[in-house]
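Take a look at the structure below.
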Amino acid sequence: MDKFIIHGGRKLKGTVEIGGSKNAALPILMATLLTDEPCIINRVPDLRDIRTTIKILQELGKKVEYDAGTLTVKAGRKLKTEVPYDLVKQMRASFWVAGPLLARFKKAVIPLPGGCAIGVRPVDIHLKGFEKMGAKVLVQNGNVILKTRKLNPAKIILSFPSVGATQNLMMCACLVKGRTVLENVAREPEVSDLIKALKSMGAEITQDAKGRIIIEGKSELGGMEHTVAADRIQTGTYIIAGAVTRGDVTVKDCIPEDNEILLDYLKEAGFDLQVGEDWIRIKPKCKKIKPVNIKTAPFPGFATDLQAPFMTLMCLCGGQSEISEDIFENRFMHAPELVRMGANITIERNTAKITGVKNFSPAVVMSSDLRGGAALVLAGLCAKGVSEVERIYHIDRGYEHFEDNLTKLGAKIKRVNPVTQ
Ligand code: EPZ
C-alpha cells in the first residue's frame, strides 16, 4: 500500500489552485440517472470515489466518458435498478442512486451501505423520506428494496439536516408530480450546487425564507452542462497547512464564503487572512498560535470534514483548546496518531482536549479516514525530520494531486509504494 514520506520543518509558501468538489460532484453524477439525455459535467476531480461512481453508472447502463476533468454521461442500454454490493461497499455515497432510480422506475435495490471508520452512518432519514413519498421499504439480505406503484408529493421534515438525505430525497422529488416540501434540510454548498445542476436539467426547485426546499415535480428532465463548484474542504485543508507551518499560502479558484467560519477562527488564532473574489491568503500575524475552541455543526457551522486538520493546528497552540465533534460519533481516530507525533490530546466522549506543544516529532503514523489522513500529513510537514503516513489510499479519496500541490508549496513529500521497496 502507498505511503507518504515527508521531510518536515519547512514553511509552505506559494499558491495552489483548487479543483472541483468531490462531495458536490458525486450527487450530480447520480442525478444523470434522472434523464436519458446527455449530461456534461466539468471540473470533476480525478479521485477514487469518482472512479467508483463512474463504474456504478456504467454498471446501471449509462455510457460514461471521462477526459481531463470533463465527464460525459449518455444513455446506453436500458437502466438497471440494482446496484452491485462490491461497488456500494467501496463508497457509501453510492446510496444516493436510490432517489433517481426510485423516481424513474418506482423500484431500486441498493445494498445497505456499511458504516465506515467515522461512524455507523445509517440511512434511516433517507428511507423515512422515501416512505413518506409512498415507497415500500424492505431491508433484506443486506439490501434495501424500495418499491411502489406510485410516488406522491409529500412534506418531509428531516430529523437531522443530513446532506445525503437532502440530496437523495430532492433528486427523487424532481420526478414526482406535485409539490414536495423538504424541511430541516442541509444547507451545505454541495446541496446548492446539486440544486443548480438539477435546475439546469429543467427541475423546478425553490428555497423559501425558512430555508425549506420546495420541488414542483416534472414528468421528465433534460440533460445538463454543469461545472462543479470548488472544493471547500480542500480549500480549508491547504489554508490550515499554510497556518500550521507558519508559511504564506494563497489558495486560488476557491469560494471564500464557503469557508467563512474557518477564516473567523483562524483570525482568532492569530493569523492574517486576506480574501479576494476567488482566493484566500494566509500568513502568521502573532508569534504563537492562539488556542481556539470549536464545535462541528451543519453548514454554515464548522465543517466536520475540517475538524481533523484544525486539530493538527491546535496541537501547536500556546494554551488549551477544546474541539467537539457533534456530527459523527467516531471521528477522532487521528488523535492517537497525533499523540504518537508528540501531541498532547485527551479524548472525553465527543470532545478532544488539546494542550499545545512546541512541535510535532517525526514518526510513522497511519491514516484511518480521508480527513484524518490529511491531518497527519499536516503534522508531518511541521515535524523536523522524516515522518511516514501509511494507508494513504484514504487520502486519495478526497485530495486530488495532494503531494504535487504540497510540493509546489515547498514541502518535501513523496509517495512510495512499500510493496515495491
Ligand atoms: C456528507 O456525508 C459528506 N459525504 C461527508 O464527507 C460529510 O462529512 C457529511 O456530509 C457531513 O457534512 C459526501 O457528501 C459524499 P450526513 P453524509 O448524512 O451525507 C447521521 C468526507 O470526508 N445520519 O449529513 O453521509 C450520520 O450518521 C465525507 O468527504 C443519520 O443518522 O452525511 C451523521 O452522524 C465524510 N441518518 C450525521 O447524520 C441518516 O439517514 C451527518 O450525516 C443520514 C445521516
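Annotations
- Among helices (runs of 4 or more DSSP H) entirely within region 305-421, having at least 1 residues that are within 23 Å of Asn259 (Cα to Cα), out of contact with any Gly (no Cβ under 6 Å at 6 or more places or on another chain) and not β-branched (Val, Ile, Thr) singles out 307-314, 370-382, 402-408.
- Odd one out for Lys267 among (1) within 16 Å of the ligand (Cβ to nearest atom); (2) open to solvent by 40 Å² or more (accessible area, probe 1.4 Å); (3) in a helix (DSSP H, G or I): (1)
- Whichever residue in region 283-295 is touching an Asp or Glu at 6+ places or on another chain (Cβ under 6 Å) and either hydroxyl-bearing (Ser, Thr, Tyr) or not in a strand (DSSP E or B) (or both) and, among such residues, is farthest from Gly356 (Cα to Cα): Lys285
- Condition met for Asn359 (open to solvent by 40 Å² or more (accessible area, probe 1.4 Å) and out of contact with any His (no Cβ under 7 Å at 6 or more places or on another chain)): yes
- The set of residues from region 335-345 being surrounded by fewer than 19 Cβ atoms within 10 Å (Cβ to Cβ) and either without any contact (Cβ under 8 Å) to a residue 40 or more places away in the chain or of a type in the set (D, E, K, R) (or both) comprises Pro336, Val339, Arg340, Asn344.
- Just one of the listed residues (Thr227, Thr237, Thr250) is surrounded by 24 or more Cβ atoms within 10 Å (Cβ to Cβ) and of a type in the set (Ser, Thr, Tyr), and it is Thr237.
- Among the residues of region 139-150, those that are modelled with pLDDT of 95 or more and open to solvent by 10 Å² or more (accessible area, probe 1.4 Å) comprise Ile145, Lys147, Thr148, Arg149, Lys150.
- Among (1) within 16 Å of the ligand (Cβ to nearest atom); (2) within 25 Å of Asp253 (Cα to Cα); (3) in a strand (DSSP E or B), the one test that Ile280 misses: (1)
- Of all residues in region 216-243 being part of a helix (DSSP H, G or I) and touching a strand residue (DSSP E or B) at 6+ places or on another chain (Cβ under 8 Å), the one that is farthest from Lys62 (Cα to Cα): Ala243
- Test: residue in region 95-102 that is open to solvent by 20 Å² or more (accessible area, probe 1.4 Å) and closer than 23 Å to Asp193 by Cβ: yes
- Within region 121-134, residues that are closer than 13 Å to Gly99 by Cβ sit with their Cβ atoms under 6 Å from residues that are open to solvent by less than 60 Å² (accessible area, probe 1.4 Å) and assigned to a helix (DSSP H, G or I), at 6+ positions apart or across chains, in these pairs: Val123/Phe95; Ile125/Ala165; His126/Ala165; His126/Asn168; Gly129/Leu169.
- Of all residue pairs spaced 6 or more apart or on separate chains, those with beta-carbon atoms under 7 Å, a first member in region 163-178 that is open to solvent by 10 Å² or more (accessible area, probe 1.4 Å) and a second member that is part of a helix (DSSP H, G or I) and at pLDDT 95 or above are Val163/Glu190; Val163/Val191; Leu175/Leu34; Leu175/Ala103; Leu175/Arg104.
- Summed over region 75-91, the residues that are open to solvent by less than 40 Å² (accessible area, probe 1.4 Å), within 16 Å of the ligand (Cβ to nearest atom) and in contact with a strand residue (DSSP E or B) (Cβ under 8 Å, 6 or more places away or on another chain) give a count of 2.
So that you can scan it fast, the table gives a plain yes or no per residue for (1) touching a Leu at 6+ places or on another chain (Cβ under 8 Å); (2) in contact (Cβ under 8 Å) with a residue 24 or more places away in the chain:
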{"position": "Leu262", "(1), (2)": "yes, yes"}
{"position": "Ile282", "(1), (2)": "yes, yes"}
{"position": "Pro300", "(1), (2)": "no, yes"}
{"position": "Phe310", "(1), (2)": "yes, yes"}
{"position": "Asn330", "(1), (2)": "no, yes"}
{"position": "Met333", "(1), (2)": "no, yes"}
{"position": "Ile347", "(1), (2)": "no, no"}
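- Condition check for Asp258: in contact (Cβ under 8 Å) with a residue 12 or more places away in the chain, among the acidic types (Asp, Glu) and open to solvent by less than 50 Å² (accessible area, probe 1.4 Å): yes
Matching residues to (1) open to solvent by 20 Å² or more (accessible area, probe 1.4 Å); (2) touching a residue at least 12 places away in the same chain (Cβ under 8 Å); (3) within 16 Å of the ligand (Cβ to nearest atom):
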{"site": "Leu370", "(1), (2), (3)": "yes, yes, yes"}
{"site": "Val377", "(1), (2), (3)": "no, yes, yes"}
{"site": "Gly385", "(1), (2), (3)": "yes, yes, no"}
{"site": "Glu388", "(1), (2), (3)": "yes, yes, no"}
{"site": "Arg391", "(1), (2), (3)": "yes, yes, yes"}
{"site": "His394", "(1), (2), (3)": "yes, yes, yes"}
{"site": "Glu403", "(1), (2), (3)": "yes, yes, no"}
{"site": "Ala411", "(1), (2), (3)": "no, yes, no"}
{"site": "Asn417", "(1), (2), (3)": "yes, yes, no"}
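- Test: residue in region 301-317 that is open to solvent by 60 Å² or more (accessible area, probe 1.4 Å) and either away from the ligand (no atom under 15 Å from the Cβ) or modelled with pLDDT of 95 or more (or both): no
The values are calculated or read from the model by the stated rules, or taken from the named source; none is laboratory data. Computed from a prediction, not measured in an experiment: that's the story for all the values here. So basically every Cβ, Gly included, is an ideal-geometry build from the backbone, and we count neighbours across all protein chains shown. For the accessible areas, the whole protein counts, side chains as well, though only heavy atoms, and no ligand, DNA or RNA atoms are used. Shrake-Rupley method; radii C 1.70, N 1.55, O 1.52, S 1.80 Å.
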